[in-house]
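Input: a single structure, listed below in structure tokens.
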Amino acid sequence: MRMLKERKLLVEFGRKLVTGGLTTGSGGNLSLLNRQQGLVAITPSGVDYFEITPGQVVLVDLSGKQVDGPGRPSSELGFHLALYADRPEVNAVVHTHSPYATTLACLNWELPPAHYLVGFAGAKVPLAPYHTYGTPELAQAVARAMKGYNAALLANHGLAAVGNTLARAFAVAEEIEFAARVYYQAKAVGEPKILSAKQMREVLAKFETYGKQ
């Protein structure tokens, strides 16, 4: 089976999306790019994550042409491909409907650095303007919003996160959901103190060696 390793990882992390509370049912999507082969493995459209098998994971080329898999690729294939085209360092995309990030997205708020873990995305988490899901307009808006960032809120929709590996992109999605929850809870009782640009530069500098042994 072509790209079996990538397909197995998408099945594994798709289930983690649900068990980690980052989505429900078949919501959201994940993909992995094999740059050497020029192929993207992406979760199929509308299939429950606990029912997806490696053979159901869809393969497409970088133009979006389907080359393997029995079903249709995720409806959000467009913004995955746009991010891969725009970001040569990115090899994985995770899209969630996680509750607190989606709450902020429905308020049309960016996520400022009230907590330093926003640094997983960058100096903040920007907001991509609303467009109907699965459209070229949404793909372009997400790619624009994520220039220089590893995550973006999608207005009235959810969250997109990227990384050089699927584990890293998933970690970005998890940490931004945590930061979104903390920010929402803080806003419920007062006005959060936002870290300064200087403080975030220090955080981002430390993050360059985070997790490296």
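Some observations on this one:
- Per-region count, region 176-201, residues surrounded by fewer than 19 Cβ atoms within 10 Å (Cβ to Cβ), part of a helix (DSSP H, G or I) and touching a helix residue (DSSP H, G or I) at 6+ places or on another chain (Cβ under 9 Å): 5
- Members of region 157-213 found to be farther than 26 Å from His95 by Cα and touching a Gly at 6+ places or on another chain (Cβ under 8 Å), listed by number: none
- Among residues of region 15-25 being within 23 Å of Ala179 (Cβ to Cβ), touching a residue at least 24 places away in the same chain (Cβ under 8 Å) and part of a helix (DSSP H, G or I), the one that is least open to solvent (accessible area, probe 1.4 Å) is Leu17.
The values are calculated or read from the model by the stated rules, or taken from the named source; none is laboratory data. The shown structure was predicted, so the numbers you read here are calculated from the model rather than taken from an experiment. Using ideal geometry, Cβ is built from the backbone for each residue, glycine included, and neighbour counts are taken over all protein chains shown. Calculation scope for accessible area: heavy atoms of the full protein, side chains included, ligands and nucleic acids excluded. Shrake-Rupley method; radii C 1.70, N 1.55, O 1.52, S 1.80 Å.
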